[in-house]
Amino acid sequence: MSSSMTLTNHTAPNTKHVIPPSVFTLRRTAQLEALYTIIRNKDTSRGDFIFYSDRIIRLLVEEGLNHLPVVPKVVETPTGAQYDGVGFEGKICGVSILRAGEAMEQGLREVCRSVRIGKILIQRDEDTTLPKLFYSKLPQDIAQRYVLLLDPMLATGGSAMKAVEVITEHGVAEDRIVFINLISSPQGLKTFSTRYPAVKVITGWIDEGLNDRAYIVPGLGDFGERRYCA
Ligand code: URA
C-alpha cells in the first residue's frame with residue numbers, strides 16, 4: 001500500500017505531535033526541503049512560487065496515486081512474452097477546493113490524462129463562523145470513482161471536513177477519498193483524521209502550528225495570494 005516514498009506513524013520531525021495512522025508524508029530529502037525553503041521565502045517571486053510549488057504538487061499527486069488499489073493485469077509485450085503486471089482498480093477524479101485548490105489541478109492532469117475534476121467552494125459563514133458550502137460541481141458518476149481531494153493548506157481542517165461531507169453526500173465512501181495538501185498544521189491533521197479516519201491524507205510537510213489568525217506557521221502565508229496575485 002504505502003511506497004518507499006512514505007513515512008507514517010512517526011512523530012512529526014519538528015513538533016511533539018504524533019502523526020495519525022491515516023496520514024502519510026513525503027520523505028524529507030534535502031531536495032524536498034530546498035523546494036519548501038523556496039516557496040516559504042517571502043521574497044520568492046510569483047513565477048518561482050508557481051514553478052516550485054508545482055514541483056511539490058507533482059510529487060504529492062504521484063504519492064497520492066500510490067495509495068489507490070490495483071488489480072492483477074496480464075499484458076503481452078512486443079517480444080511476444082507475457083508480463084504479469086497490475087492496473088488501477090477503478091476510475092479516479094479530482095475535486096479541488098476553490099480557489100487555492102485549483103492550483104493543484106494541472107499537476108493532477110499532467111499525471112492522469114483527461115481526468116475529470118470537480119470543484120467545491122467553501123467559505124466562512126459570517127453569522128455562524130462555520131465553513132459553509134457556496135458552490136459545488138462534481139462529476140455525475142463520482143460515487144463510482146476514487147477521489148483525490150485537492151487543497152494546498154490544511155490549517156484548522158474546517159474546509160477539508162466540509163468538502164468530505166459534500167463528497168460523501170454524493171455517495172463516495174470515505175475510504176475512496178485521498179486528501180492531498182502541501183502543508184498541514186498538527187491541529188488540523190488531528191481534527192480531520194479524528195473525524196474522517198478512513199480518508200487518507202498525503203501531506204508534503206507538517207508545520208509547527210497555527211497563529212492567532214489561523215495561518216500555518218512557519219507556513220508560507222496565503223497560498224492563493226502568492227499564486228494568483230502579482
Ligand atoms: N490558507 C493559506 O493560504 N495559508 C495558511 O497558512 C492557512 C490557510
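The values are calculated or read from the model by the stated rules, or taken from the named source; none is laboratory data. What you see is a predicted model, and the numbers here were worked out from it, not measured in a lab. Virtual Cβ from ideal backbone geometry, glycine too; neighbours counted across all protein chains shown. Note: accessible area is taken over every heavy atom of the protein model, side chains too, but ligands, DNA and RNA are not part of it. Shrake-Rupley method; radii C 1.70, N 1.55, O 1.52, S 1.80 Å.
Are any of the pairs Lys91/Lys119; Lys42/Lys91; Lys73/Lys190 more than 29 Å apart by Cα-Cα distance, and if so, which? Don't skip to the answer; put the middle values down first.
Numbers: Lys91/Lys119 18 Å; Lys42/Lys91 39 Å; Lys73/Lys190 37 Å.
Going by Cα-Cα distance, Lys42/Lys91; Lys73/Lys190 fall outside the 29 Å limit.
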Rounded to the nearest 10 Å², what accessible area does Thr191 have for a 1.4 Å probe in the complete protein model? 60 Å²
Accessible area of the range 6-228 belonging to carbon and sulfur atoms, whole % at 1.4 Å probe: 50 percent
What does the extension gain come out to for Gln106 and Glu33, with contour length at 0.36 nm per residue minus their alpha carbon separation? 24.0 nm
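Rounded to the nearest whole Å³, what is the per residue volume of the convex hull around the Cα atoms of the range 154-195? List each step's numbers first, then the result.
Working: hull volume 2.6 nm³, N = 42.
In the range 154-195, the Cα hull volume divided by residue count equals 61 Å³.
Residue separation times 0.36 nm, minus the C-alpha to C-alpha distance between Tyr228 and Asp212: what's the value? Before the final figure, lay out the partial values.
Values: separation 16, 0.36 × 16 = 5.76 nm, distance 2.43 nm.
Here the segment from Tyr228 to Asp212 would lengthen by 3.3 nm.
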Out of all DSSP beta bridges in the range 6-228, what portion is antiparallel? Express it as a percent rounded to 5. 40 percent
Stretch gain in nm, segment Lys137-Arg113, where the contour uses 0.36 nm per residue and the Cα spacing is subtracted: 6.6 nm
Among Pro186, Pro197, Leu98, pick out the residue whose Cα is farthest towards the positive end of the charge dipole of the range 6-228, where Lys and Arg carry +1 and Asp and Glu carry -1 on C-beta, about the Cα centre. Leu98
Quick one: accessible area per residue over the chain, 1.4 Å probe, rounded to a whole number of Å²? 52 Å²
In sequence order, calculated HN-Hα J values of the range 222-228 (Karplus, 6.51, -1.76, 1.60; Hz; x Gly/Pro): 8, 4, x, 4, 5, 7, 9
Dividing the convex hull volume of the Cα atoms of the chain by its residue count, what figure in Å³ per residue is obtained? 146 Å³
Taking +1 at the Cβ of each Lys and Arg and -1 at the Cβ of each Asp and Glu, which of Thr79, Pro69, Gly209 sits farthest along the dipole of the range 6-228 towards its positive end, judged by Cα position relative to the Cα centre? Thr79
Where labels lie 7 Å past Cα in the beta-carbon direction, separation of Glu62 and Gln123 in nm: 3.7 nm
In whole angstrom, how far apart do the alpha carbon centroids of the range 140-155 and the range 40-117 sit? 13 Å
Unit charges on C-beta of K, R, D, E only; dipole of the range 140-199, Debye: 160 debye
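Counting alpha carbon pairs within less than 8 Å and at least 6 residues apart, what relative contact order, in whole percent, applies to the chain? Working shown, then result.
Working: 441 pairs, mean separation 49.6, N = 230.
Relative contact order comes out at 22 percent.
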